[in-house]
């Protein structure tokens with residue numbers, strides 16, 4: 001599988017990272033290089049091998065489904081680039 | 001002003017005897033930090049807070065307290081969120097972020113009486129092996145090649161932590177390790193670092209890179225010091241469901257240096273493509289462990305060569321998901337918008353401006369390997385390979401108690417010397433990355449000096465939750481290696 005400029009542009013959009021047209025060629029080359037290099041995993045016989053889901057064999061602990069935190073609106077908003085009237089503000093989303 | 005103590009253990013004992021105060025120690029560190037701006041190791045210095053914490057430690061001691069870390073000044077990698085102190089993961093996208101909460105690991109350290117000196121430089125989002133990719137600019141190692149003034153990298157991603165300890169700006173530092181980011185910089189700077197078993201330390205409040213691989217640990221002068229620090233960083237945390245409810249032993253008490261009856265494995269696959277200098281040091285290390293009473297055993301870890309490519313699917317995949325939160329809405333940088341720009345343009349411009357080139361690359365690689373149609377071929381296959389890598393270690397640990405390997409292929413390189421092909425930088429982690437994939441603990445111990453005058457380290461790998469025994473093996477190696485070289489002060 002090799003990456004072309006159209007694929008690189010699509011991946012950049014999926015990742016929500018704008019890429020200028022003059023940067024596209026280098027990006028394509030780099031992604032192609034990395035993905036070509038990881039291609040060697042195709043040599044491994046993984047027949048019948050379970051994919052790892054947890055690196056330490058442990059079952060996740062359960063806890064009571066209860067609210068343990070909250071009521072800190074101002075702290076939550078304190079780092080926002082644009083917060084108004086107790087909300088995060090963003091450009092218009094709905095037409 | 002030079003530090004009145006060279007290690008945490010010495011400082012602890014000196015403070016207990018009343019030879020000096022926490023205030024003395026802290027002021028000495030702050031003065032050293034002030035004189036070392038050329039290293040760019042500290043990115044934020046919290047001098048006032050440090051003095052307040054030191055005075056509080058001295059008062060606590062006067063009223064009868066005296067824990068191991070009471071009054072010990074340390075630095076904190078910028079990846080750890082520290083309440084009220086800028087925490088940016090060395091990224092522009094977290095520009096100005098001041099966490100309203102404290103990471104569990106640092107909260108534990110402060111509860112033990114440690115003193116916070118400030119934040120330490122690192123590769124952006126812990127993605128790198130040289131601490132060159134930082135919004136604060138590169139960190140410079142205190143070490144230089146013999147007769148050569150070329151600035152040398154401290155390794156990465158925890159380069160600031162290793163450089164600060166090596167230059168004696170602080171007695172110890174927090175660090176994190178996703179693919180080698182504690183062990184490689186420790187080895188490059190001639191200091192000691194341990195990556196604990198996955199789940200030993202809470203990840204809560206540490207900026208996430210690849211959650212199934214990230215683990216916090218200490219960097220300090222020697223094995224005893226990392227043993228002391230780790231005890232006060234580790235432990236179960238209800239806020240991190242992957243942190244283990246396993247007792248934290250007194251790691252320092254395990255340090256006897258006696259390896260009689262222990263078997264140490266030497267994995268054949270790690271010799272592939274190894275330089276003669278590193279290979280010779282590795283053989284010497286095996287001799288040292290034999291001298292401590294261990295039996296040296298040849299072992300095989302057959303899937304070693306697939307660890308790096310598996311990592312460079314799994315880690316970017318997790319990163320692309322973790323870093324989706326940086327959208328210019330809740331914290332950090334938001335790009336200036338043009339007339340008519342909507343929310344998608346805001347995301348795309350913000351992330352393009354806020355992330356550096358390596359972070360952008362990894363997020364895009366991760367996005368690609370998780371995208372529709374490619375998931376099975378890349379991500380699922382990599383997770384199967386990861387199972388095989390872990391199985392290799394499980395088989396090996398049936399026959400040995402620990403494994404000895406190099407930390408990295410060679411000594412530190414110069415700033416700007418490994419650029420161009422990103423894969424060349426990835427190869428730095430070929431010996432360290434296997435442990436993250438298998439969740440195993442590993443220690444880097446300085447063991448020699450290269451022909452060009454830079455430190456070289458060896459790595460010992462332990463069984464899951466076997467940090468006490470692992471640190472004891474590292475202690476035996478440290479005693480015999482007798483590494484005492486110091487960087488010549490040029491800063």
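The values are calculated or read from the model by the stated rules, or taken from the named source; none is laboratory data. The structure displayed is predicted, hence computed values, not measured ones. Glycine also receives a Cβ, built like all others from the backbone with ideal geometry; neighbour counts cover every protein chain displayed.
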Provide a single number: the residues in the stretch B:320-329 that are touching a residue at least 24 places away in the same chain (Cβ under 8 Å) and more than 7 Å from every other protein chain (Cβ to nearest Cβ). 5
Given (1) within 8 Å of chain B (Cβ to nearest Cβ); (2) in a helix (DSSP H, G or I), identify the lone condition not met by residue A:90. (2)
How many residues are within 7 Å of another protein chain (Cβ to nearest Cβ) and either over 18 Å from the mean Cα position of the chain (by Cα) or modelled with pLDDT of 95 or more (or both) if we restrict to the stretch A:20-41? 6
Candidate set: the stretch A:47-87, residues that are touching a helix residue (DSSP H, G or I) at 6+ places or on another chain (Cβ under 8 Å) and exposed (fewer than 11 other Cβ atoms within 10 Å of the Cβ); chosen: the one farthest from the other protein chains (Cβ to nearest Cβ): A:86
Every residue from the stretch B:320-340 that is touching a strand residue (DSSP E or B) at 6+ places or on another chain (Cβ under 9 Å) and over 28 Å from residue B:375 (Cβ atoms): B:330
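Quick grid of which residues meet (1) touching a helix residue (DSSP H, G or I) at 6+ places or on another chain (Cβ under 7 Å); (2) at pLDDT 95 or above:
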site: B:289; (1), (2): yes, yes
site: B:320; (1), (2): yes, yes
site: B:328; (1), (2): yes, yes
site: B:333; (1), (2): yes, yes
site: B:339; (1), (2): no, no
site: B:367; (1), (2): yes, yes
site: B:371; (1), (2): yes, no
site: B:375; (1), (2): no, no
Over the stretch B:334-356, the set of residues surrounded by fewer than 22 Cβ atoms within 10 Å (Cβ to Cβ) and either in contact (Cβ under 8 Å) with a residue 24 or more places away in the chain or within 27 Å of the chain's Cα centre (by Cα) (or both) is B:353, B:356
Being under 23 Å from residue B:317 (Cα atoms), within 7 Å of another protein chain (Cβ to nearest Cβ) and free of Cβ contacts under 8 Å to residues at least 12 places away in the same chain narrows it down to one of A:44, A:11, so name that one. A:44
Identify, from the list B:76, B:105, B:45, B:85, the residue that is within 14 Å of another protein chain (Cβ to nearest Cβ) and touching a helix residue (DSSP H, G or I) at 6+ places or on another chain (Cβ under 8 Å). B:85
Take the residues of the stretch B:81-93 that are in a loop (DSSP other than H, G, I, E, B) and within 19 Å of the chain's Cα centre (by Cα): which is surrounded by the fewest Cβ atoms within 10 Å (Cβ to Cβ)? B:81
Considering the stretch B:463-482 alone, what residues qualify as being touching a strand residue (DSSP E or B) at 6+ places or on another chain (Cβ under 8 Å) and more than 14 Å from every other protein chain (Cβ to nearest Cβ)? B:469, B:470, B:471, B:473, B:474, B:477, B:478, B:481
